[in-house]
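First the structure, in the form of C-alpha cells, and then the observations on it.
The values are calculated or read from the model by the stated rules, or taken from the named source; none is laboratory data. Worth saying up front: this structure is predicted, and the values here are computed from it rather than measured. Positions of Cβ are backbone-derived with ideal geometry, glycine not excepted, and every protein chain shown enters the neighbour counts. Protein only, heavy atoms only, side chains kept; ligands, DNA and RNA dropped before computing areas. Shrake-Rupley method; radii C 1.70, N 1.55, O 1.52, S 1.80 Å.
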Amino acid sequence: MVGERGSSFRGKDSVASGLLRELRCSLSLNLDPNLTIALDELGLEPLTAVAFACPPVPTSASTTRATTSSPSLPPQSRIELQYLHDYAGISTSVRLTANPVVNFAAVLGSNVLSLGTSVSFDSKTSNFTKCNASISFSNADLIASLAMNNKGDSLTTSYYHIVNLVTKIAIGGEVTHSFSSNVNTITVGTQHMLDALTMLKARINNFGKASALIQHEWRPGSFFTVSGEVDTKSIDKSAMVGLALALKP
C-alpha cells in the first residue's frame, strides 16, 4: 500500500530556493495494482505536505511466514514532511526503521540573499552524519557564496562574475580549506560564448589539474559536448577526453 501527497508551485515571484506562490496539491492512494484513488486541487497556501511511502513486499511463502510471525515495514519506507513559503522552505524525512536516520534541510532568504542548512542524524550511533550550512548572495551579474561542509571540517568560498552579458564572458573562483589536513584547494575558471550556439569553458586548480570543454547547441535543447582533462604535472599519463550528447525530443 502506498500513500502519497505531492505538490508543486507555479508563479512569478521566485526566491533562491525556487519557492513560488500558486499551489497545486494532489493526494493519491495506491492500494493495489488495480485500484488507484486520487484527490486533486486541494487549495492550500502556504504548502504543508506529508508523504508516506511503503514499497510492496515480496509475497513468497517464506516472506509470508516471516511477516505473520514478526510484522515489519520494508527498509525503503519513510515519512517526509515539507513546508514551503515565499521566503522559507523546510524539509525533513525519517525512514521507518528501528534506528532511523533523520534528515533535515532548511532555506531562508530571497533572490538576493539566502541562508541554508542540511543535517542528518543517525539514531543508531547517536551521531550527526552530515552537517552543512551555507550563505549566498546574488544579483544580475554575480554570485558569491560561503559554505561549511563535512561537519565543519571544510570551508568553501566561491565567486562567479559575468563580465560581458552579450558574449557571456564570465570568470569564477573557488577556495576550499580543509581544517583536518590543513590543505587549500584553489580553482579558477572562465567561460566565453564563441557564437550564439557554442560555449567554451575552462578551469585549473593549484594542483595543476586543468580541464576544458566546448559545447554546441545543434538544435533547441540538444547539446554536443567535447571535454578534456589533464594533469599538467604528468601530461603523458593522465590526459582524458570525453564526448557527450544530450537530446531533447
| task | Kindly sort Arg95, Arg203, Arg78 by accessible area of their heavy atoms, largest first, with the probe set to 1.4 Å. | result | Arg203, Arg95, Arg78
| request: Take the range 105-185, compute every pairwise Cα distance, and split them into 5 Å bins from 0; I just need the percent in each bin. | output: 3, 14, 18, 17, 18, 13, 9, 5, 2, 1, 0
| message | Given bins 10 angstrom wide, list per bin the percent of all Cα-Cα distances in the range 69-205, short to long. | response | 11, 26, 28, 22, 10, 3, 1
| note | For the range 148-191, averaging the sequence separation of alpha carbon pairs under 8 Å that lie six or more residues apart and dividing by its residue count, the contact order in percent is 33 percent
| query | List the lysines whose alpha-carbon lies under 18 Å from that of Lys130, not counting same-chain residues fewer than 8 positions away? | reply | Lys151
| query | When we measure straight from the Cα of Lys201, which lysines land under 28 angstrom away, once same-chain ones fewer than 8 places off are left out? | reply | Lys168, Lys209, Lys233, Lys237, Lys248
| query | What is the sum of charges around Ile169, taking Lys and Arg as +1, Asp and Glu as -1, for the other residues whose C-beta is under 12 Å from the C-beta of Ile169? | reply | +1
| field | Listed peptides 238-247, 210-219 by packing density, highest first (mean Cβ within 10 Å) | value | 210-219, 238-247
| request: Express the carbon and sulfur contribution to the solvent-accessible surface of the range 197-248 as a percent, rounded to the nearest whole number, probe 1.4 angstrom. | output: 63 percent
| task | Specify whether the C-alpha gyration tensor of the range 100-142 places it in the rounded, prolate or oblate class, a ≥ b ≥ c being the square roots of the eigenvalues: rounded for a/c under 1.5, otherwise prolate if a/b is larger than b/c and oblate if not. | result | prolate
| message | Using Cα-Cα distances under 8 Å and only pairs 6 or more residues apart, what relative contact order does the range 105-249 have, in percent? | response | 10 percent
